[in-house]
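Everything below concerns the one structure shown next.
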Amino acid sequence: MTEGPSLSARVVASSRAIESQQPVGMRVCSDPYARCFLRGRLYLIGEARVPEHVGVWLQRRFAPGFHDYFVARTRFIDDALTSAVGDGVTQVVILGAGYDSRAYRIPALRAIKVVEVDQPATQQDKIARVRVCIGETPHVAFVPIDFTTQSLAGALTAETYDRTARTFFLWEGVTPYIDAFAVDATLAFIRESSGSGSIAVFDYLDEEALLGRSSHRAVTAWVSRTRRTREPVRFGIDPSQIGKFVGERGLKPTAHAAAADLNERYFKPFHGHRAVTPAFAIAQVQVP
Ligand SMILES: C[S@@+](CC[C@H](N)C(=O)[O-])C[C@H]1O[C@@H](n2cnc3c(N)ncnc32)[C@H](O)[C@@H]1O
């Protein structure tokens, strides 16, 4: 577990803040609250704060496709969540919530129960900023946890979480930072402790990238850089085995988006020059 609020959570919120400044119709995702969590127009590269335009340039130069991946991932999950809520999901659990603002910016979520789960330091910082920028949010329960040492079953009590409800779990940008045991324990909780037809969307690092074998130098460099930070990457999956991976954990694969799918869906129509890093992919699964 990291000490202090998660830097990776701020980095992805930076990307959402920058993307949200693009003109309507040109932006891939829109998060009006992202900037509030960052306090000012600064971009984070690791622990360094730099002016935004410099930050975007540095990121495009040294981690090409990461900014584009972060915003495409947010949009993919927004679309999946909105569709699931329209389809009758009655509870949303945001695992490793960081500065995720869906509970506040997606109107349909104001009418249903949302549980935000994250490590305590990041969550305390988030709560303080939510109070300032958004105000009271009675539809949201905040549950602190460290996935690597605590169980979701212990953390999500009957007061905050309904085990029988058809639930949408989202786990955005988290699995790379926890170990295989914690990933398995979380998927087991989703399978065993949620209503039938519940949905989970999570993204993961390609195992080849984790092992330093990506053919993309920028990906290998990013993986090495994380190992010099408080948030090293620790977990990956072979994308060709994702169906088997989730099937062995009792979940039904229902959708999958690799880099080419995200590019086709979000960038080809308007932003032919933009493309996501091939380091990650997104999986959607259902509880039978
Ligand atoms: C890259 S950030 C993603 C944040 C958020 N989901 C988003 O997309 O904006 C990674 C998140 O995982 C959380 N995290 C990492 N390790 C964790 C652990 N062991 N237990 C609980 N949360 C953890 C961090 O606190 C952080 O919020």
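Computed from the coordinates by the stated procedures, all read-outs in this text should not be read as laboratory data. Keep in mind that this is a model prediction, so the values were computed, not measured. No Cβ is skipped: glycine too gets one built from the backbone with ideal geometry, and neighbour counts run over all protein chains shown.
Note down the relative contact order for the range 117-187 as a percent, whole number, built from C-alpha pairs under 8 angstrom at least six residues apart.
Rounded, it is 33 percent for the range 117-187.
Below 8 Å, C-alpha to C-alpha, sequence gap of six or more: please give me the relative contact order for the chain in percent.
19
Rounded, prolate or oblate: which one fits the chain, using the alpha carbon gyration tensor with axes a ≥ b ≥ c (rounded when a/c is under 1.5, else prolate when a/b beats b/c, else oblate)?
rounded
Write down the percent of antiparallel bridges among all DSSP beta bridges whose residues are both part of the chain, to the nearest 5.
Beta bridges within the chain, antiparallel portion: roughly 45 percent.
In nm, what is the difference between 0.36 nm times the number of residues separating Glu248 and Arg110 and their Cα-Cα distance? Walk me through the numbers before you get to the answer.
Details: separation 138, 0.36 × 138 = 49.68 nm, distance 3.48 nm.
Stretched out fully, the Glu248 to Arg110 stretch lengthens by 46.2 nm.
Enumerate the lysines that Lys126 could reach by cross-link, defined here as Cα to Cα under 27 Å, with residues fewer than 8 away along the same chain left out.
Lys113
At a Förster radius of 35 Å, what calculated FRET efficiency corresponds to the Cβ-Cβ distance of Ala158 and Asp79, to the nearest 0.05?
The pair Ala158/Asp79 has a calculated efficiency of 0.65.
To make sure I understand the rule: partners must be lysines, Cα under 19 Å from the Cα of Lys244, and not fewer than 8 residues away in the same chain. Which ones qualify?
Cα-Cα hits under 19 Å: Lys252.
For the range 223-288, rounded, prolate or oblate, judged on the Cα gyration tensor with a ≥ b ≥ c (square roots of eigenvalues), a/c < 1.5 rounded, else prolate if a/b > b/c? Mind showing how you got there, number by number?
Details: a/c = 2.82, a/b = 1.10, b/c = 2.57.
Note, shape of the range 223-288 comes out oblate.
Once you measure Cβ to Cβ distances between cysteines in the chain, which Cys have no partner under 4.7 Å?
Cys29
DSSP loop (so not H, G, I, E, B), at most 16 other Cβ within 10 Å: list which trypsin sites (Lys or Arg not before Pro) in the range 142-217 pass both filters. Write down the numbers at each step before the final one.
Details: sites: Arg163, Arg166, Arg191, Arg213, Arg217; in loops: Arg163, Arg166, Arg213.
Those that pass, being in a loop and sparsely packed, are Arg163, Arg213.
Which shape class applies to the range 102-154: rounded if a/c is under 1.5, otherwise prolate when a/b exceeds b/c and oblate if not, where a ≥ b ≥ c are the square roots of the Cα gyration tensor eigenvalues?
Taking the square roots of the gyration eigenvalues as a ≥ b ≥ c, the range 102-154 is oblate.
Could you give the dipole magnitude of the chain about its Cα centre, charging the beta-carbon of Lys and Arg +1 and that of Asp and Glu -1, in debye to the nearest 20? Before the final figure, lay out each step's value.
Working: 34 positive and 30 negative charges, 171 e Å.
Result for the chain is approximately 820 debye, rounded to the nearest 20.
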